[in-house]
Amino acid sequence: MLLKIKKMKSVFTILLMAVVFPLFAKWNSDDSVEKVNTIPHFTVKLGVRFHSMGQFNYGGRIVSENPTVDFNLTYDRKAWGFQIFKAMDLHDRSTDINFTLAVLNKRIHLGKNLTITPSAGFILEQFSTMADRGSDVVLIIATSYKISSLFTIEHSSMFGNLVLEPNEKDWVNRLRIMYSKKHIDISVTGWHNNKVFDTAEYITYGGSIAYSRIKISKSISMNAGLSGLMMPYFTDKLNYPQREGLYGTIGFTIQ
C-alpha cells in the first residue's frame with residue numbers, strides 16, 4: 001500500500017510540473033516586447049472559489065457544513081487536457097472535502113454538438129497527509145450535447161476506488177442541464193449513487209445560478225452564485241448522511 005501511494009505521489013509531482021512549466025512559459029511570452037498574433041496551442045486557467053459549505057460536485061453531496069476553498073488548475077489543448085482540483089475545509093481537516101483530484105482527459109468530438117470526454121487519474125484523500133487511506137484511481141466519463149448556443153445537456157459517470165481499494169468501488173451518475181448567456185449561468189442537476197458495486201444508494205437534486213465572467217482586469221474575472229441541494233433518498237446514513245441546504249460561492253479565474 002505505501003509503495004503504491006509513493007508511486008502516486010511521484011506521478012502527481014511529474015504531472016504538476018508538466019502543467020506549471022507551460023504556465024510560466026505563457027506568462028513569460030506575454031511579458032516579451034515583441035508579440036506575434038498567433039492562435040495559442042494551449043490554454044492554462046486557474047480558478048479559486050470560496051464556498052459557505054463544501055460540496056463535491058461529481059458526488060452530489062454536501063460533505064462539509066464549514067466554509068471551504070478550492071483551486072482548479074486546467075491545461076487544455078485542442079483534443080486533450082489535464083486538471084488538478086484541490087479542495088480544503090477552512091475549519092476542519094477531517095471532513096471529506098479535504099482532497100485532491102488530478103486527471104488527464106481526452107475529448108472525442110462526434111459531430112459539432114456531441115462530445116465524449118473520458119478522464120483518468122486519482123483522488124488523494126488528505127485528512128492528515130498528502131495521501132491518506134482511501135486515495136485511489138478514478139475514472140470519469142462525460143458526454144455532453146450542445147442543444148443550442150444557450151443550452152447544454154451533460155451526463156457523467158464517476159468510478160472510484162478502482163485499484164487500491166476495490167472493495168470500496170463506487171459508481172455515481174450525474175445529469176445536468178446548463179444555460180449560459182453573457183454573464184448568467186444556470187444549471188439543474190441530478191445525481192444517483194447506484195448499488196452496482198456496493199449496497200449504498202442515494203439520489204440528490206440541485207440547482208445553481210451565478211453571475212459570471214465579470215472582468216476585473218485583462219486576465220482576471222470574477223463570479224458569484226448561489227447553489228442548493230436536496231437529498232430525498234438514501235440507504236446508508238453512516239457513509240452518506242442526509243445534508244440539504246443553500247450555500248453561496250465567490251470565485252476568481254486567472255487566464
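Read the figures in this text as sums done on the coordinates, not as results from a lab. All of these numbers come straight from a predicted model, not from anything done at the bench. Here the Cβ positions follow ideal geometry from the backbone for every residue, glycine too, while neighbour counts run over all protein chains shown.
Figures for the structure shown
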| quantity | calculated |
| --- | --- |
| Footprinting exposure proxy for R107, R77 (fewest neighbouring C-beta atoms within 10 Å first) | R77, R107 |
| Local electrostatic count at A210 - Lys and Arg +1, Asp and Glu -1, tallied over other residues with Cβ under 13 Å | +3 |
| Neighbour net charge for N161 - beta-carbon separation under 9 angstrom, K R +1, D E -1 | -3 |
| Pairs of lysine residues in segment 177-255 - Cα separation under 28 Å, sequence separation of 8 or more or cross-chain | 5 |
| Which of E65, E168 has the fewest Cβ neighbours within 10 Å, and the rest in rising order | E168, E65 |
| Unit charges on C-beta of K, R, D, E only; dipole of segment 99-255, Debye | 1020 |
| For segment 43-173: relative contact order, % (alpha-carbon pairs under 8 angstrom, 6 or more apart) | 15 |
| Reference-scaled alpha-carbon Rg (2.2 N^0.38 Å with N residues) for segment 73-181 | 1.21 |
| For segment 101-255: span of alpha carbons on each principal axis (Å, largest first) | 46, 36, 33 |
